[in-house]
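Here's the structure, in structure tokens; my notes come after.
FYI, it's all coordinate maths here, none of it is from the lab. In this text the structure is predicted, and so the values were computed from the model without any measurement. Cβ coordinates were reconstructed from backbone atoms using ideal geometry, including for glycine residues, and neighbour counts include every protein chain displayed.
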Amino acid sequence: MIQARSCGGSSLGTDAHHLDPLTSQNMTLEGYEYLVRRIKELTDFYSCGRLLALGGGGYNISVVPIAWALVLQTIKNDRI
């Protein structure tokens, strides 16, 4: 018998950042990190830490790599 397991999923695009040229949502990297941390907390609680993290928008090349480094360190419970 195959047992199905739940998995949390999230699209973690950075287009909400205040330096993104296509949006005006004015999020900071600190706000982005908070949201990722909260998604991880919910995933830990509801799906035993199984998270499918997908990339999304983000059109400022100076922000995207930093934001994704924040995502990876937050998911790993690590600090740079």
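Report yes if Y32 is on the phi < 0 side of the Ramachandran plot, of a type in the set (F, W, Y) and surrounded by fewer than 15 Cβ atoms within 10 Å (Cβ to Cβ), otherwise no. Taking the combined requirement at face value, the residue does not satisfy it.
Confirm whether G13 is surrounded by 13 or more Cβ atoms within 10 Å (Cβ to Cβ), without any contact (Cβ under 8 Å) to a residue 60 or more places away in the chain, at positive phi and not in a helix (DSSP H, G or I).
Answer is no for this residue.
In the set (1) surrounded by fewer than 12 Cβ atoms within 10 Å (Cβ to Cβ); (2) in contact (Cβ under 8 Å) with a residue 40 or more places away in the chain, P21 fails one condition alone, (2).
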